[in-house]
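Everything on this sheet refers to the single structure shown next.
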Amino acid sequence: MIPLIGYSDRLSGRPGDTISFKVSSISQEPFEAELFRSISADPNPAGPGMIEHPVASSLSGSYPSRVQKFYPGSYAIANGDLPSTSNDFRLSATIWPTLPLKGKQAILSVGDITLMIDESGNVAGQAGDQRVNTIAPLETRVWYRVWLSYDGNTLSVGQEPVKAGHDTTGSTSARGIELSGRPIIGAMEADDDNSSANNGVSNGIGAHFNGKIEAPTIHGNDGALLAQWDFTRDFSSTHIEDTSHNGLHGTLVNLPARAMTGSGWSGRDMCFRHAASEYGAIHFHDDDIYDFGWETDFTFTIPDDLASGAYHARISCNGHEDFIPFFVVPPLGKPRAKLCVLVSTFTYVIYGNYARPAYNESWHERVAEWDAYPWSPSVHPEYGLSTYNFHGDGSGICHASNNRPLFNVRPGYLSMGVGADSGLRHLPADAHLLTWLDQKGIDYDIITDHELHADGYAAIAPYQVLTTGAHPEYHTAQTLDAIEAYRDNGGNFMYMGGNGFYWRIALHEDEDGAMEIRRGEGGIRAWAAEPGEYFNAFDGNYGGMWRRNGRAPQSIAGLGFTAQGDFTASFYRRTPDAKAAGLDWIFDGVEGEILGDFGLSGGGAAGFELDRADKRLGTPQNAVVIARSEGHDDSTIMVPEEMLTHVMNRPLETTEELIRADMLYYDTPSGGHVFSTGSITYCGCLPWNGGDNNISQLTLNVLNRFLED
């Protein structure tokens, strides 16, 4: 158990907003809290190091320590008790088990009556101390109709494959069984020994099911319908509807996946909105986690005079520390600087607690050497993993939330543990840009994806310049609309990263902080959505890449994803096109043709994930590629969406030609300007050598021109 850790209920706020902080501490002593403004979040001694400034605030003080538990595992629970029934009842459902041999897993339970999978993978029924089971273990990822029935003398269970196979049943004599209590779908009431809760402490629910459940139903005397939950209704909600007269509607806990193909999915329609009856399944997992639900330990109301920026509440106790980050944004429509830095909080959360496949023990050696953030999701997966990881049953994690500790959204967190560079991603990597702005004395405001989604263009309209950080990958339609409106209304836009504007996500309307990603039909993917499950349940829209939604990244910033490799980087070479287009001013004070053959990220300015121009995908006709990368290592490969056959690519260029980052500039018809770098590692060059380098100078030339425009 991590001895001291916490999270906040929101990642950003404006003056007057209150942020609630939730902490778990195993100590008997109080923990201390202090507020700091974060400038540099890179512990690499080859760079500026960690830079933070204490801020006097109302949150500073001592608070009682307490251990706060969390309870993974999704299920549905009815909002009331079932009418008592004796001598005649039947529990049934259609299921698609994904881990039938993992242990006892409840399908449908009422009090001490449970239809379940037993420890041997058989369908079983339990009534108090009595147990009955079939003798044919369920197969993985096969649809079955299963049931538990009682007629006053015999307790029976059975299973029937939906498409092919033989029925299997089991029965035992039993008397005096009564069905009563609150129905639970996908789990059961459990003691500590049968609970999957954290640290062995039960929340009263255990034996979580892994797989899909469809049409759970309860019949009573003479076949009377007592409850039947229809999962084809209200797909975006955590509410489930009972269609019987008893109205035992229920609530989904820990966000199991909805809009899943059911046992009758025909493949004739890929969208659940058009064939709702074929999407009557919910996919439950014993490791689903959405909101830890911790109690608040202290709060902070953002004062009017607190500057916009990156902050964290540092908590400490008995030699342990944690850093709970948040961003202060200015009042809507009242900028305090000409420059706005767009912080990619959606991407931070989608990547939250990514247990990387390349993790090894050397990570801990680097952490100790640099005094970096000490906790890793690869070591502590119980805190809930990322949408870049898999559930225990092999299905991709499609939901993310900031209502839990996110290790990678911490100053000093190392995503990579090998190589000479810093190995940073996301918040710590974006802090390279903030560090450079601090070095150059350039004032800035911060707006996060959350404000951009909620307030749209109004959130960024007043600014002279809008810049991204290193990796603005995940977006909603609202955030893309806002950026396009800014650009098309004369704004000056700087895209300072790579692999941006790539995946479409959906936000839940009711469950605060919850996001959804469906990785469908193409792209470099951590996992692939099942056929027919490409549409987001949260908003009903087609998920996957924005490119497949008709909004390729090139249509946003002129560049789009083209290649990815290991966390290594190369350099750019100036092109003659810049001079021909009258763009020599971008290179004022820059000597030579080679740009960025150094840096804190990957060792160079062009690396890890690369973007290129493509006019067929939306790069403007007047866009000028002013520099182009070269010399990438053998780990760097072309993205799969560009491949047509083994000998032909979509752009009709060779694979070698498509492995590059383009640095691009263009003017917009409304009088604005766009500058794009096309590399995730670019910002890692900015603070190198105290900000005295050619990438820094080039970027400063562009930023100053945009600020003065």
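Listed here are the residues, each with its yes/no results for (1) more than 13 Å from C340 (Cβ to Cβ); (2) aromatic (F, W, Y).
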| residue | (1), (2) |
| --- | --- |
| A470 | yes, no |
| E473 | yes, no |
| T476 | yes, no |
| M496 | no, no |
| F501 | yes, yes |
| D510 | yes, no |
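Evaluated against (1) touching an Asp or Glu at 6+ places or on another chain (Cβ under 6 Å); (2) in contact (Cβ under 8 Å) with a residue 24 or more places away in the chain, I637 falls short on exactly one condition, (1).
Please verify whether region 15-26 includes one or more residues that are touching a helix residue (DSSP H, G or I) at 6+ places or on another chain (Cβ under 9 Å), surrounded by 19 or more Cβ atoms within 10 Å (Cβ to Cβ) and either modelled with pLDDT of 95 or more or not acidic (D, E) (or both). No; the residues of region 15-26 include none that is touching a helix residue (DSSP H, G or I) at 6+ places or on another chain (Cβ under 9 Å), surrounded by 19 or more Cβ atoms within 10 Å (Cβ to Cβ) and either modelled with pLDDT of 95 or more or not acidic (D, E) (or both).
Quick check, is S376 under 15 Å from the mean Cα position of the chain (by Cα) and of a type in the set (G, A, S)? It would help to see each step written out before you state the result.
On the way: under 15 Å from the mean Cα position of the chain (by Cα): no; of a type in the set (G, A, S): yes.
So S376 fails the test.
Just name the residue that is nearest to the chain's Cα centre (by Cα) out of those in region 322-365 that are surrounded by fewer than 17 Cβ atoms within 10 Å (Cβ to Cβ) and within 30 Å of F567 (Cα to Cα). Among residues in region 322-365 that are surrounded by fewer than 17 Cβ atoms within 10 Å (Cβ to Cβ) and within 30 Å of F567 (Cα to Cα), the one nearest to the chain's Cα centre (by Cα) is P357.
For I177, the conditions (1) under 41 Å from the mean Cα position of the chain (by Cα); (2) among the β-branched types (V, I, T); (3) closer than 16 Å to S109 by Cα are fulfilled apart from (1).
Give me the residue from region 34-50 that is surrounded by fewer than 19 Cβ atoms within 10 Å (Cβ to Cβ) and out of contact with any Pro (no Cβ under 9 Å at 6 or more places or on another chain) and, out of that set, nearest to Y311 (Cα to Cα). Checked region 34-50; the qualifying residue nearest to Y311 (Cα to Cα) is P45. Selection of region 293-321 for residues being within 30 Å of F390 (Cβ to Cβ) and surrounded by fewer than 21 Cβ atoms within 10 Å (Cβ to Cβ) yields only G293.
Among the residues in region 524-540, are any closer than 27 Å to L332 by Cβ, over 21 Å from the mean Cα position of the chain (by Cα) and at pLDDT 95 or above? So far as region 524-540 goes, no, none of its residues is closer than 27 Å to L332 by Cβ, over 21 Å from the mean Cα position of the chain (by Cα) and at pLDDT 95 or above.
One line per residue, one yes/no per condition, for (1) among the basic types (K, R); (2) within 19 Å of T568 (Cβ to Cβ); (3) free of Cβ contacts under 8 Å to residues at least 40 places away in the same chain; (4) buried (at least 21 other Cβ atoms within 10 Å of the Cβ):
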residue	(1), (2), (3), (4)
G618	no, no, no, no
E656	no, yes, yes, no
D662	no, yes, no, yes
I680	no, yes, no, yes
W688	no, yes, no, yes
L698	no, no, no, yes
N704	no, no, yes, no
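Once region 625-654 is narrowed to residues that are surrounded by 15 or more Cβ atoms within 10 Å (Cβ to Cβ) and among the hydroxyl-bearing types (S, T, Y), the residue that is nearest to L466 (Cα to Cα) is S629. Residues of region 635-653 that are in a loop (DSSP other than H, G, I, E, B) and in contact with a strand residue (DSSP E or B) (Cβ under 8 Å, 6 or more places away or on another chain): S635, T636, V639, R650. Exactly one residue out of G602, G607, G592 is closer than 16 Å to T677 by Cα and assigned to a loop (DSSP other than H, G, I, E, B): that is G602. Somewhere in region 342-357, is a residue under 22 Å from S25 (Cα atoms), modelled with pLDDT under 95 and not in a helix (DSSP H, G or I)? No, region 342-357 contains no residue that is under 22 Å from S25 (Cα atoms), modelled with pLDDT under 95 and not in a helix (DSSP H, G or I). Screening region 461-576 for strands (runs of 3 or more DSSP E) wholly inside it with 3 or more residues that are of a type in the set (D, E, K, R) returns the ranges 560-574. Going residue by residue through region 306-316, is there one that turns out to be touching a strand residue (DSSP E or B) at 6+ places or on another chain (Cβ under 7 Å) and more than 30 Å from D430 (Cα to Cα)? No, region 306-316 contains no residue that is touching a strand residue (DSSP E or B) at 6+ places or on another chain (Cβ under 7 Å) and more than 30 Å from D430 (Cα to Cα). Of the residues contained in region 679-696, one or more are found to be in a strand (DSSP E or B) and either modelled with pLDDT of 95 or more or out of contact with any Ser or Thr (no Cβ under 6 Å at 6 or more places or on another chain) (or both). If you go through region 302-312 and keep only what is touching an Asp or Glu at 6+ places or on another chain (Cβ under 7 Å) and under 17 Å from S8 (Cα atoms), you end up with just I302. The conditions of being among the basic types (K, R) and in contact with a Lys or Arg (Cβ under 7 Å, 6 or more places away or on another chain) are not met by R650.
Counted as qualifying within region 111-170 are the strands (runs of 3 or more DSSP E) with 1 or more residues that are hydroxyl-bearing (S, T, Y) and either without any contact (Cβ under 8 Å) to a residue 24 or more places away in the chain or surrounded by fewer than 22 Cβ atoms within 10 Å (Cβ to Cβ) (or both), namely 144-150, 154-161.
The values are calculated or read from the model by the stated rules, or taken from the named source; none is laboratory data. Small disclaimer: the values here were computed from a predicted structure and weren't measured. Heads up, the Cβs are rebuilt from the backbone with ideal geometry, glycines too, and the neighbour counts pull from every protein chain shown.
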